[in-house]
Structures are given as structure tokens and as C-alpha cells.
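The values are calculated or read from the model by the stated rules, or taken from the named source; none is laboratory data. For clarity, every value in this text was computed on a predicted model and none was experimentally measured. Here the Cβ is made from the backbone with ideal geometry for all residues, glycine too, and neighbour counts use every protein chain on show.
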């Protein structure tokens, strides 16, 4: 049985195993050096918050809203982030490992030194991201995800599933893909291959 968290303080640290942060609507929180394990954040709004040196292990962040926030040196491991919204959020030195992240929204965010490792990120949004610096996608399922108005220079998607992704052809310059992916992407450029 999970323990319900009552947030009365704005600075939070410590270990949270089997806690319930569900349906919380509170902003400007500071999470520092937290380990969340088997913790539920479903349908919560924690916008304008910061997460420093935090780990999320087997957590459920489905439909969470954490817009206009900051994540530094964080990890998401084997968690559910279905429909999570991280709009206009800054991520630095953050890893996403083996998560279910379908319908996640990173629009207008800043991504720097990020690793996406073996996640399902189907039908997700990486739109209007001005800068993706040192972002690594390792064996992810990005089927039907969007990278609209997002420069993909120095991004390697060659070992990820990018079937049906939506991108602006002008932003493909510098993207690394494998031969089969190049054939699919050629259709976006109006090229017919026989």
C-alpha cells in the first residue's frame, strides 16, 4: 500500500519508496537528491519545479505535467511516462533507460547531454526544440514521433525505429541514419527510388 505524500514544504529530499504523489497541483518545488522508487505521480502538475540529482525507478508519471522546469543529473529507469508533458523544460545530464514514454511531450525544451536508452517513445513530440546538444538515442522505438522545427544535426537515430516519424526536410541536415531509414526519409524529400 502506497503512502500519500502531503507537500507542505517547498524543498524536498530523501528516499520515497511506494509513495503517492498523485493528483498534486503544486508548483515551484525543489527536489534535491531524491530517489523515487515505485512512486506514483499520475495526473499531477508540478510545473515550475527543479529536480537535481534525482532518480525515478519503476515509477508511474503517466499524464504528469512538469512544464517550465529544470532536471539536472537525473535518471528515469523502467518507469511509465505515458502522456507526460515536459513543455519548455530544461534537461541537463539526464538519462532515460528502458521506459514506456508513448505520447510524451518535450516541445520547446532544451536537451543537453541526454541519453535515451531502449525506451518506447512512440507517437511523441520533440517539436520546436532549438538545441539538442550531445543527445544520444540508443535502440529506441520512435515510431510516428514528431521532430517538427527541430534541428537534427549530430543526432544518430541509426539503431532506433523511426518508422513514420514526422520531420521538416530542412532540419534533416547532419542527421545519421542507416540505409533502410534513408530510403524511408527520401520520401520526405520527394525522391523516388527504384
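What to note about this one:
- Checklist (1) modelled with pLDDT of 95 or more; (2) assigned to a loop (DSSP other than H, G, I, E, B) applied to residue 23, failing item: (1)
- Flag for residue 14 being free of Cβ contacts under 8 Å to residues at least 60 places away in the same chain and in a loop (DSSP other than H, G, I, E, B): no
- Scanning the stretch 37-51 finds no residues that are under 19 Å from residue 114 (Cα atoms), modelled with pLDDT of 95 or more and more than 19 Å from the chain's Cα centre (by Cα).
- Checklist (1) farther than 19 Å from residue 158 by Cβ; (2) crowded, with 21+ Cβ neighbours inside 10 Å applied to residue 95, failing item: (2)
- Filtered by the rule that a residue be within 15 Å of residue 133 (Cα to Cα) and exposed (fewer than 15 other Cβ atoms within 10 Å of the Cβ), the stretch 144-172 gives 153, 154.
- Just one of the numbered conditions (1) out of contact with any helix residue (DSSP H, G or I) (no Cβ under 8 Å at 6 or more places or on another chain); (2) modelled with pLDDT under 95 is not true of residue 169: (1).
- Residue 132 passes every criterion in (1) under 23 Å from residue 77 (Cα atoms); (2) modelled with pLDDT of 95 or more; (3) within 18 Å of the chain's Cα centre (by Cα) apart from (2).
- Selection count, the stretch 64-82, where residues are in a loop (DSSP other than H, G, I, E, B), over 17 Å from residue 136 (Cβ atoms) and in contact with a strand residue (DSSP E or B) (Cβ under 8 Å, 6 or more places away or on another chain): 8
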